[in-house]
1. Scan the stretch 135-156 for residues that are modelled with pLDDT of 95 or more, open to solvent by less than 30 Å² (accessible area, probe 1.4 Å) and not in a helix (DSSP H, G or I) and jot them down.
2. Working carefully through the options G121, G94, G111, find the one that is touching a Leu at 6+ places or on another chain (Cβ under 8 Å), touching a residue at least 12 places away in the same chain (Cβ under 8 Å) and either open to solvent by 10 Å² or more (accessible area, probe 1.4 Å) or among the small types (G, A, S) (or both).
3. Mind checking which residues of the stretch 208-228 are part of a helix (DSSP H, G or I), open to solvent by 70 Å² or more (accessible area, probe 1.4 Å) and within 18 Å of G295 (Cα to Cα)?
4. Please go through the stretch 163-176 and pick out each residue that is surrounded by fewer than 23 Cβ atoms within 10 Å (Cβ to Cβ) and small (G, A, S).
5. So which pairs qualify, if the first residue must be in the stretch 62-86 and surrounded by 24 or more Cβ atoms within 10 Å (Cβ to Cβ), the second must be modelled with pLDDT under 95 and outside any helix (DSSP H, G or I), the Cβ gap must be under 8 Å, and the two must be at least 6 apart or on different chains?
6. If you check L205, L231, which single one turns out to be open to solvent by less than 40 Å² (accessible area, probe 1.4 Å), farther than 20 Å from A337 by Cβ and within 21 Å of the chain's Cα centre (by Cα)?
7. Collect the residues in the stretch 491-526 that are in a helix (DSSP H, G or I), among the charged types (D, E, K, R) and surrounded by fewer than 17 Cβ atoms within 10 Å (Cβ to Cβ), keeping them in residue-number order.
8. So which residues in the stretch 151-176 are farther than 20 Å from A118 by Cα and not basic (K, R)?
Amino acid sequence: MAAAALDIQALCTSLSAATLDESVTSTCQQIAELAKQEEVRTPLGEGGVLVKCCDVLCRASEAGERRTLVQAARAIGNMCFDHPENRKRVLASGAVSALAKVMLVPESVRGEEAAAQALAGAGVIINTSQDDEDIVSALVEAGAVENLLWLVEHAPSPRNLEFAIIALNRFQGNKEAVARLARTGGVRVLVGRACEVDEEQVDDLFHLVREVFDEDTLLPHLATDTTLDLLLTLRQSPGIPPKVAASAGLLLSAALSDDACLDHLLAAREGSEGLLEVCVSWLEHPTDEDLHVAGAISIGNMARSDARCSTLLSGPPRLIPALAGLVQRDITRVQHAALGALKNLSNYAPSKPLLTAALPLPAMLAALHAGTAHIQYQGATLLRALLYKQPAFVTTVVTFPGLLDRLVHLTGSEEERVRAESVRALANIARYGDAEAHVGLCQAGAVKSLVEMINSTHPLMRMEAASALAHACNVGSQVRAAALSSGVIEAVTQGLTNADNAPELLGTLVALAARLADPSLQTTESGAALIASVKALTKHVHLAVATQAISVVAAFKW
């Protein structure tokens, strides 16, 4: 029917009948069919038909007139399909509370009637909530999330289940909806139906669930029911669809970042040995990349405290070799997860000797050569952490072909975080390396890179470079000579006169200036500028800086 042929007045009159008789139900059904045509939705909304249908819906909901309720919901949903103005009319009508519970089919209703009501209830939410944050919030407040979860659990047909999941996904990004999923056991309900939907819908089902796992404050709710046990069953049991098993494993790995969830799983697996054995078995799977990622993330999330790291190290001895092996896999997401887990473990001092013994340096070199900056960053970060106070490992890294050269190269990366971690790694080599390591730094051009970083835009890089050079110049002549030939005098002078530099950095630069001092310093223009910049700091407002500058000036009779 063309829009011009619509009898808006007649439709409104029929919908205004005092009793919800068959004619009202028939009119709603007629409108539902008409509204499938795009061109009639605007006149139906502007002419008042939509608001009248909302009134019928509310009356039918209160009276328990199911047939009228279903047809009114269909009519409203179709009029709101791809129509923002009509959705706003629904919100203004006050019908949201009734809309939110259309899908609640009475237990006495079975078969096709139950399926029709469930379909209309989910469908009207899908169409009215599309791209409308206001109506989404109103539906959440009215209990739509809980009601849709009821439908997921009691769906009369596979199609009803499909529509319920689509409707729930309309609430993505709404924090209150996600919180209600966690507080009401909704995650368990959704995960419990994961094996009953087709492969395409598995993504939809888990998408909203993942939002719960992304909120740290919601994770403790999952430790109070059987959600985590169900996920573990889906991950471990044979015959589970691969996509379901993969999603379950990744969700479990995220949950392990929460102490309550971890304690729940430890109890379920009869202690740490059982849970760790599961995680290590995932790491060791010959082919399953999803398991590799889930296992590595699980270990990384468990390794967030010294106590947890101690538990991990007392578990299966295959753990660290398994993670180290995954670093060698040329698969970005696997490398990313494995490097992250190893980095978290490296924060626990007793783990460093085990990690340095198991870490395959060819794999680390490959990580630094990776095509993605994030893997380069993680590789440099792990190396930096393992080089800290580990002289033997410093020697191993310096003498491994190409590794030091690559770190130096990455100090020029376009990614600031890659530059920062590479500089910090080189700084640890300068601090904890012996004379042979210092020679290696000079030959690889690392000293020049450190000098250049004294005036980096990144405050941490400035401090790391200055302190490393101050230490290395104090213990060996090789680094000092290389620094002087790389323009360190000018770099330190610039740093000392930079008003933005923190007092701690200024003190470090004064110490570095003292390491560079010799009789010839006063005979050159650059040397005189350095001396002048140190003298200027003798009047610095920060007492520690001024005292250190006075001490250096006095020691060298500047």
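The values are calculated or read from the model by the stated rules, or taken from the named source; none is laboratory data. Here the structure is a predicted model, which is why all the values come from computation and not from measurement. In this analysis, Cβ positions are derived from the backbone assuming ideal geometry, glycine residues included, and neighbour counts consider all displayed protein chains. For accessibility, only protein heavy atoms count, side chains too; no ligands or nucleic acids. Shrake-Rupley method; radii C 1.70, N 1.55, O 1.52, S 1.80 Å.
1. G143
2. Exactly one residue qualifies, and that residue is G121.
3. Answer for the stretch 208-228, where residues must be part of a helix (DSSP H, G or I), open to solvent by 70 Å² or more (accessible area, probe 1.4 Å) and within 18 Å of G295 (Cα to Cα): just R210.
4. Residue satisfying the conditions is G173 alone.
5. T68/L20; C80/Q130
6. L205
7. Of the residues in the stretch 491-526, the ones in a helix (DSSP H, G or I) are 491-496, 503-516, 519-523, 525-526.
Filter again for among the charged types (D, E, K, R), leaving 504, 515, 525.
Scanning the stretch 491-526 gives E504, E525.
8. Q172, G173, N174, E176
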